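These notes are about the structure you will find just below.
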2 protein chains.
Amino acid sequence: MNISTIANKSGLPPKTIRYYEEIGLISPNRKQNGYRDYSETDGIKLHFLQRARSLNFSIEDCRKLLSLYEDKTRASADVKQLAQAHLKTIERKIYELKTMQESLNKLVASCHGDNDPDCTILDGLSGVFNSTDKSK
Amino acid sequence: MNISTIANKSGLPPKTIRYYEEIGLISPNRKQNGYRDYSETDGIKLHFLQRARSLNFSIEDCRKLLSLYEDKTRASADVKQLAQAHLKTIERKIYELKTMQESLNKLVASCHGDNDPDCTILDGLSGVFNSTDKSK
DNA sequence: GCTTGACCTTCCATCTGCTGGATAGTTTAA
DNA sequence: TTAAACTATCCAGCAGATGGAAGGTCAAGC
């Protein structure tokens with residue numbers, strides 16, 4: 001299979017597939033003309049990578065997952081541990097983003113958003129909080 | 001003020017402060033010896049940048065926010081619009097991460113995590129779902 | 001047989017937002 | 001005076017691709 005065929009099958013763009021080869025995640029055969037020749041196994045691996053990446057696993061995690069996938073004597077505990085660690089990372093990111101969302105929401109909510117230069121968002125960013133209370 | 005003084009005040013490391021100068025966010029004076037000499041105004045700007053970055057505003061957004069901050073004839077509507085767009089981005093990211101969290105949680109929950117090679121996580125990543133149901 | 005267009009190849013640059021390290025000059029305190 | 005603690009510049013590298021240039025190849029239509 002040529003690269004664009006496998007690209008369609010795996011859901012990954014050709015550029016990304018070549019990149020994955022460059023960093024040693026896959027190693028397809030070559031035809032006489034120099035074109036890459038992907039096997040069904042390559043397709044399965046690329047699809048696996050696509051899914052793992054879509055769950056935000058890092059490339060290095062993907063590398064480990066792929067080698068566990070290919071190791072038929074693996075312990076599922078090893079896979080689970082990796083996945084749980086990643087889950088923690090995701091949870092941490094969600095928490096961070098929620099904190100930002102909350103802060104930003106407060107700033108946005110109190111800003112009039114009109115033609116006037118007075119802006120609680122800029123006040124908040126510059127460290128001047130409770131500027132709206134000055135009117136009290 | 002030398003760079004490490006302003007670094008402590010603004011909460012940004014010296015390397016980052018030099019980088020911000022390189023990309024044109026600030027432009028401190030220089031002393032005769034070539035050292036950067038930061039004013040109070042520079043300090044305020046850097047602190048502003050530190051806060052904006054901590055809310056995940058991109059550098060380009062920060063640049064716009066900073067110029068709005070300095071433009072005393074601004075309309076707060078412009079600031080609000082920028083902030084709201086960013087809020088949408090944050091919300092989108094939270095949603096994406098939650099989707100990932102959910103998927104990964106399901107995979108992890110159904111994996112035995114023992115010495116056995118059978119692994120629902122790897123099955124899920126390779127596209128073989130409901131593998132546990134095969135025992136029924 | 002020839003051309004055209006859609007492929008494919010490699011290589012190098014770019015993106016975001018810093019961070020680390022090398023090398024060298026300067027200041028400050030003991 | 002000397003050593004530590006600054007400061008400066010410059011270049012490389014991180015992740016994870018992506019874009020583009022320059023060139024080779026292949027398949028279809030005339």
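The values are calculated or read from the model by the stated rules, or taken from the named source; none is laboratory data. Just so we're clear, the structure is a prediction, and the values are computed from it rather than from any experiment. A quick note on method: Cβ atoms are made from the backbone with ideal geometry, for glycine too, and the neighbour counts reach across all protein chains shown. Only protein heavy atoms, including side chains, enter the accessible area calculation; ligands, DNA and RNA are left aside. Shrake-Rupley method; radii C 1.70, N 1.55, O 1.52, S 1.80 Å.
At a glance:
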read-out	value
Those residues of region B:1-46 which are more than 12 Å from DNA strand C (Cβ to nearest atom), under 24 Å from B:Phe57 (Cα atoms) and in contact with a strand residue (DSSP E or B) (Cβ under 7 Å, 6 or more places away or on another chain), in sequence order	B:Pro28
Residue among B:Lys80, B:Lys88, B:Lys72, B:Lys106 that alone is under 26 Å from A:Tyr95 (Cα atoms) and facing chain A (nearest Cβ under 7 Å)	B:Lys80
Neighbours by Cβ (under 8 Å, 6+ apart or cross-chain): first from region A:121-133, among the charged types (D, E, K, R); second modelled with pLDDT of 50 or more	A:Asp123/A:Phe129
Qualifying positions in region B:80-114 - in contact with a Ser or Thr (Cβ under 9 Å, 6 or more places away or on another chain), of a type in the set (A, V, I, L, M) and buried (at least 18 other Cβ atoms within 10 Å of the Cβ)	B:Met100, B:Leu107, B:Val108
Unmet criterion (only one of (1) within 11 Å of DNA strand D (Cβ to nearest atom); (2) within 14 Å of chain B (Cβ to nearest Cβ); (3) part of a helix (DSSP H, G or I)) for A:Tyr20	(2)
Of all residues in region A:1-15 being open to solvent by less than 40 Å² (accessible area, probe 1.4 Å) and within 11 Å of DNA strand D (Cβ to nearest atom), the one that is farthest from the other protein chains (Cβ to nearest Cβ)	A:Ala7
Total residues in region A:55-70, condition farther than 15 Å from A:Ile44 by Cα, open to solvent by 50 Å² or more (accessible area, probe 1.4 Å) and not polar (S, T, N, Q)	2
Helices (runs of 4 or more DSSP H) lying entirely in region A:59-136 (those with 2 or more residues that are at pLDDT 95 or above and of a type outside the set (A, V, I, L, M))	A:59-70, A:76-110
Answer residue from region B:39-51, given it is out of contact with any Ser or Thr (no Cβ under 7 Å at 6 or more places or on another chain) and surrounded by 15 or more Cβ atoms within 10 Å (Cβ to Cβ) and is farthest from the other protein chains (Cβ to nearest Cβ) among those	B:Asp42
Matching residues in region B:1-54 - criterion: being among the small types (Gly, Ala, Ser) and farther than 20 Å from A:Ser126 by Cβ	B:Ser4, B:Gly34
Inter-residue pairs, beta-carbon under 9 Å, first away from every other protein chain (no Cβ under 11 Å) and β-branched (Val, Ile, Thr) and in region B:52-68, second within 16 Å of DNA strand D (Cβ to nearest atom) and not in a helix (DSSP H, G or I), 6+ apart	B:Ile59/B:Ile23; B:Ile59/B:Leu25
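Here is a yes/no grid of residues against (1) in contact with a Gly (Cβ under 8 Å, 6 or more places away or on another chain); (2) under 26 Å from A:Ile90 (Cα atoms); (3) of a type outside the set (S, T, N, Q):
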position: A:Gly11; (1), (2), (3): no, yes, yes
position: A:Lys15; (1), (2), (3): no, no, yes
position: A:Asn29; (1), (2), (3): no, no, no
position: A:Arg36; (1), (2), (3): no, no, yes
position: A:Ser39; (1), (2), (3): no, no, no
position: A:Leu49; (1), (2), (3): no, yes, yes
position: A:Ala52; (1), (2), (3): no, yes, yes
